[in-house]
Amino acid sequence: MMGPAHSLSGAAAWLGVGAAVAAAGHPMPWPVLVVGALICAGAALAPDLDHKSATISRAFGPISRALCGIIDKLSHSVYKATRGHGDPRRNGGHRTLTHTWLWAVLIGGGASALAVTGGRWAVLGILFVHLVLAVEGLLWRAARTSSDVLVWLLGATSAWILAGVLNEPGNGAGWLFSDPGQEYLWLGLPIVLGALVHDIGDALTVSGCPILWPIPVGRKRWYPVGPPKAMRFRAGSWVELKVLMPAFLVLGGLGGLGALEFI
């Protein structure tokens, strides 16, 4: 899928989780619901770090472009080193390593560890990166016509304000993980969810997505998971723009209302 649809699906997924955990007796404070949805919207763009033309490659100027080139080469190397007898040869790394459940868990776990051990500045860094990506995905029309510096300033300002709100007593720094020293451990959860939602979205397209790697399926270790071919669509097609994106908006709204009902 395209960037805006990925971001919308990420935000909708976190709001849906908010409704589910609230019904299960662990309601999110409203700052966790809002911040988590924005992080998840940004994280839903991150698997495309392996694609030089993706939204994320433009988000941080030359830094993100260089990082995308590195991740593409790394992903391609891992693919070549691990492909099964049934996997085709490839010229690049797009939709390989960064589009797997293992990558999602590692990135999310790394973010949680960084948030817990790195303190306030680490939390600010995580928020800044994902809020910039959320702006690029959710407000993509405005972001495309605005200066990168303005988008970065918006991300930095929002990160500073939201970090302060979260740090207030009862606002969610210790949501779900309440033991001393576990503040902000939950920050990795919307990152994992965003990456997985991205992969599921790509699995619906004609190329499928190797979410299960490194678990082999038949003779393929990089099996492109997806529904029957008749049910798949091309990225940017009318199905994505006219059906899925409105559906994500409705589902996200319902999830948000369900989560707020229990607060």
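The values are calculated or read from the model by the stated rules, or taken from the named source; none is laboratory data. Just so it is clear, the model here is predicted, and its values are computed rather than measured. Positions of Cβ are backbone-derived with ideal geometry, glycine not excepted, and every protein chain shown enters the neighbour counts. SASA here: full protein model, heavy atoms, side chains in, ligands and nucleic acids out. Shrake-Rupley method; radii C 1.70, N 1.55, O 1.52, S 1.80 Å.
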Considering only segment 179-190, state which residues are on the phi < 0 side of the Ramachandran plot and open to solvent by 10 Å² or more (accessible area, probe 1.4 Å). Asp179, Pro180, Gln182, Glu183, Leu185, Leu189
Only one of these is part of a helix (DSSP H, G or I) and under 15 Å from the mean Cα position of the chain (by Cα): Ala19, Ala11. Name it. Ala11
Considering Leu139, Leu196, Leu133, which residue is within 17 Å of Ala43 (Cβ to Cβ), surrounded by fewer than 17 Cβ atoms within 10 Å (Cβ to Cβ) and under 16 Å from the mean Cα position of the chain (by Cα)? Leu139
Show the residue pairs meeting these rules: Cβ distance below 6 Å; 6+ apart or different chains; first residue within segment 222-242 and outside any loop (DSSP other than H, G, I, E, B); second residue open to solvent by less than 80 Å² (accessible area, probe 1.4 Å) and modelled with pLDDT under 85. Glu240/Met1
If Gly118 passes every condition in (1) part of a loop (DSSP other than H, G, I, E, B); (2) surrounded by fewer than 22 Cβ atoms within 10 Å (Cβ to Cβ) but one, which one does it miss? (1)
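Given the criteria aliphatic (A, V, I, L, M) and either surrounded by fewer than 18 Cβ atoms within 10 Å (Cβ to Cβ) or free of Cβ contacts under 8 Å to residues at least 40 places away in the same chain (or both), does Ala44 qualify? I'd like the intermediate steps shown before the answer.
Numbers: aliphatic (A, V, I, L, M): yes; either surrounded by fewer than 18 Cβ atoms within 10 Å (Cβ to Cβ) or free of Cβ contacts under 8 Å to residues at least 40 places away in the same chain (or both): no.
It is false that Ala44 is aliphatic (A, V, I, L, M) and either surrounded by fewer than 18 Cβ atoms within 10 Å (Cβ to Cβ) or free of Cβ contacts under 8 Å to residues at least 40 places away in the same chain (or both).
For every residue, the table says whether it meets (1) open to solvent by 10 Å² or more (accessible area, probe 1.4 Å); (2) under 26 Å from Ala159 (Cα atoms); (3) among the hydroxyl-bearing types (Ser, Thr, Tyr).
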{"position": "Ile39", "(1), (2), (3)": "no, yes, no"}
{"position": "Arg65", "(1), (2), (3)": "yes, yes, no"}
{"position": "Arg95", "(1), (2), (3)": "yes, no, no"}
{"position": "Ile126", "(1), (2), (3)": "yes, yes, no"}
Tell me which residues, restricted to segment 2-37, are under 30 Å from Gly226 (Cβ atoms) and surrounded by fewer than 24 Cβ atoms within 10 Å (Cβ to Cβ). Met2, Gly3, Pro4, Ala5, Gly16, Val17, Ala19, Ala20, Val21
